Structure formats: C-alpha cells, structure tokens
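What follows is calculated from the coordinates using simple rules that are stated; it is not laboratory data. Because the structure is predicted, anything quoted here is derived from the model rather than measured. So basically every Cβ, Gly included, is an ideal-geometry build from the backbone, and we count neighbours across all protein chains shown.
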C-alpha cells in the first residue's frame, strides 16, 4: 500500500484514462466507455489501497483483484503498465497476437492479472473463491472485484454473493461500476438507477453507494470498510458516467465498444489533459 496524495491520485487517474484511450485508438478496437467510467476506482485500488508488488506479481500475500467486467481491460492494463508490471510500450499492442494485452484479461499472458475473465458473471465467483482461500490459509490478503451494473443481472453473481455471506468473507470487497448505460438487444438507453445496494444488503452484504468519480470518497469508504472485521462481505456501489472525462463519449452508448478516429483521439487527449472534475 502506497501513500500518494489525493491530488496525485487524480493526476494518475487522468494518465490512466489517456493510456486506455490510446490503447483502444492504436488497436482500433476495444471498450473505451466502461474503461473511463472505472478509472477512478482502478486508480484508488492499484495506486493507494492494494498491497501489491509489481516486481513480484505472484507474491503469495498480495491483495487480489478480479476485473469481473473483463471487457474494460484497457483501464486495468493501463494501471499495470504505469506500475511496471509490463514494459510501457506494450500499450501499443492491445489485442495483437502474443501481446500481454488481450481483448480480455488473460492471466497466462499478462503479469498482474490474478484470473482470466470475460464471460460476465464468472469473475465474481473467482473473487469469492480467492477470499475463501485467504480465510482457509489464515492469510491477511483481501479480495477485490469490479462488477458492471449490467453484469449483476447474471444469476451467478447472486450465487457467489450467497456464498460470500455464508462464508463470512469480510476480506471481500466488491465494487459495482453503475454507469447505467447498457445495450439491451435492440434497445440502447440510459437505464434508471437500480437499487443495487439494497439488493446486496438483502443478501447480507454491508453496502454503500458513493460518487465513483470522487477519489476522496472512494478512499474514505475503503478505509471505513477495511477496518471492519465483522464477518460481513462489503459492496461499494459507484455512481459513474460511461466515458467520463471525454465529453463526446459521456453517456453515449456507441462508445461502449468503439475506437476513436484520429480527430476524436486528439480531442479526447486534449480534454483529458485539462483534468477532471468529480
């Protein structure tokens, strides 16, 4: 766990956003919208909260992280590249053959990926399993998972949640990136706010809804939750904006899985250079 200031974390989040957009632009493929909405969560975890060692990715006592919404891999890859898990120049090889940065996280190809993900719903079960293993081995490491608001419609999420409560996994913290923008068959629209926190509470989780673009609030909530060894798993529901930080991407469903052209890429970088208001 490192000790950067909030301002340093905000600057780091801007750098991760720029890197993620660059990766998708260079590949002309990928998912920028959800990567940008999750950037502040990823920054808070990788650069402040988690006990990890880029020089020793398989360190037995490291905190675990599972990107259950695996299609937003570019934002996780950005963190890994900035931390030195892989050479930074690899950001130009997203989705290339033999690249460490595949379309979805691949633990066999990329150091720092704790489990391969991509099929929505399955990653959270893996995070629960990691938390169970920590308890069984009397380890102090924690298991973090990032879920999508659309993903939690998968039944497997709630089977995993039931298991987490039954096993009293207070070493498990789930984040939900609630950007409310889903593609539902022929319908593409901003969805109404779901009572996600209430549903997790109904299963026995301790939950809180916060501003997912306020690094101060993310850090404060993590401090609160990690201090409570009460036998209860935790869930932080984050109000976010898909495409956050790039005005023409914000709340536009087309940017779920679309790469910017040359002009759009330059415009996006220019906006991200200007900083982000939470």
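Here are the numbers for this structure:
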read-out	value
Distance (nanometres) between label positions extended 7 Å along Cα→Cβ at residue 266 and residue 216	3.7
Computed E for residue 107/residue 3 - FRET, C-beta separation, R0 25 angstrom, nearest 0.05	0.30
For the stretch 12-94, the spread of Cα positions along each principal axis, largest first, Å	37, 24, 22
Relative contact order of the stretch 1-147, defined on C-alpha pairs under 8 angstrom at six or more residues apart (%)	26
Peptides ranked, highest mean first, by Cβ atoms within 10 Å: ranges 54-66, 207-219	207-219, 54-66
Relative contact order, percent, the stretch 57-120 [alpha-carbon distance under 8 Å, six or more residues apart]	36
Peptides ranked, highest mean first, by Cβ atoms within 10 Å: ranges 67-79, 153-165	67-79, 153-165
Contact order relative to length of the stretch 6-273, as percent, for alpha carbon pairs under 8 angstrom and 6 or more apart	24
Alpha carbon Rg of the chain, scaled by the compact-globule rule 2.2 N^0.38 Å	0.93
Antiparallel DSSP beta bridges within the chain, as percent of all bridges there, nearest 5	15
Peptides 123-131, 107-115 ordered by average Cβ neighbours within 10 Å, highest first	123-131, 107-115
